[in-house]
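Below you'll find the structure, written out as structure tokens, and then a few comments.
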Amino acid sequence: MANLYDEMIIRQKEIFTTTQQEKLKNTPVCIIGCGGLGGSVIEQLIRVGFENLTIVDEDVFDKTNMNRQLRSNIDTIDKPKSQITKDYIKKINPNANITSYNMKIDVDNVSDIINNCKIVIDAVDNIFTRVLISRFCYDNKLLFIHAAIDETTGQLTSFNYDTPTYEELFNLKSKNMSIDEAWEYYNDINFRKPQVLGTTAAIFGCLEVNEVIKHVLKLDDRILAPNLLQWDVFSPLSLDIIEL
């Protein structure tokens, strides 16, 4: 296994310098959600050479996941998404340091889960969790990379301590609430589950990975709030970056 990593990344040696590849390898990243977005994010991070990942998901796979979630199949139905995902990516790189949490991230555990990471990736499907992790990242000067998808469309941006916050950018009513008030507010709203095409999840998951790479290596053209990438993947010319 000693030479596995070098062989695995050999086709990108002309894309990244040795120093850059080491930065990717050693940067700790936390992915909240192992479903449609998160499954794509986690697999691509491992394949590009990241070796320190924290993955979080409280859910199990079911048959409705099979149109878009990479680790969902007949054998994984009713099994924890976080553990199945960890087992799979360890088969890609057995040397990777993967910490998995089969639990819901909440006010009491968010610090323990995220605190050792430098970048947090949003692959969740509810607003309160985004509010919680975005606030933690802002307060602790961590990079928060956000994506959300619906049918064939998606959006993407990143937040740090120098940008508008997630709640400010989207002018959410919770922006002036305490975290407990925000939980009560969003808990009282019945959100519809979006229709999602599998390719939309895969594409925006990969776009999130590209943003991770650009931020770690301090490359140009990083998408930072108040800029927001929007795209209907069925309409290539609709791809646009707007300023909110």
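Largest mean-square fluctuation among Val29, Val56, Val48, in a Gaussian network model of the chain whose springs join Cα atoms under 10 Å apart, belongs to Val48. Translational diffusion coefficient of the stretch 21-76 (Stokes-Einstein, Kirkwood radius from Cα pairs, 20 °C, 1.002 mPa s): 178 µm²/s. Of the residues Ile105, Ile46, Ile127, the one that moves most in a GNM of the chain with alpha-carbon contacts below 10 Å is Ile127. Amide H to amide H distances under 5 Å link Lys79 with Phe61, where only residues 5 or more positions off or on other chains count and H is placed in the peptide plane. With springs only between Cα atoms under 10 Å, which of Thr19, Thr199, Thr76 fluctuates most in a Gaussian network model of the chain? Maximum among the listed residues: Thr19. Rounded to the nearest Hz, the phi-derived 3J(HN,Hα) couplings of the stretch 65-81 under the Karplus curve 6.51 cos²θ - 1.76 cosθ + 1.60 (θ = phi - 60°) are 7, 6, 7, 8, 9, 4, 8, 8, 7, 4, 6, 9, 4, 6, 9, x, 4, where x marks glycine and proline. Decide, for the chain, between rounded, prolate and oblate: order the square roots of the alpha carbon gyration tensor eigenvalues as a ≥ b ≥ c, take rounded if a/c falls under 1.5, and otherwise choose prolate if a/b is larger than b/c, else oblate. Note, shape of the chain comes out rounded.
Shown for the chain: the carbon plus sulfur share of the solvent-accessible area, taken with all protein chains present and a 1.4 angstrom probe, equals 47%.
Extent along the principal axes, Cα only, for the stretch 160-244: 37, 33, 21 Å, with the longest axis given first. The charge dipole of the chain, taken about its Cα centre with unit charges on the Cβ atoms of Lys, Arg (+1), Asp and Glu (-1) only, comes to about 660 debye. Restricting the trypsin sites (Lys or Arg not before Pro) of the stretch 158-201 to loop positions (DSSP other than H, G, I, E, B) with no more than 11 neighbouring Cβ atoms within 10 Å leaves Arg192.
Remark: the chain carries 52 Å² of accessible area per residue (probe radius 1.4 Å; ligands, DNA and RNA excluded). Measuring between their Cα centroids, the stretch 27-104 and the stretch 135-198 lie 21 Å from each other.
Measuring from each cysteine beta-carbon in the chain, the ones with no other cysteine beta-carbon under 4.7 angstrom are Cys34, Cys137, Cys206.
The values are calculated or read from the model by the stated rules, or taken from the named source; none is laboratory data. Just so you know, these numbers come straight off a predicted model, no measurement behind them. Positions of Cβ are backbone-derived with ideal geometry, glycine not excepted, and every protein chain shown enters the neighbour counts. These area figures cover heavy atoms from the full protein model, side chains too; ligands, DNA and RNA do not enter into them. Shrake-Rupley method; radii C 1.70, N 1.55, O 1.52, S 1.80 Å.
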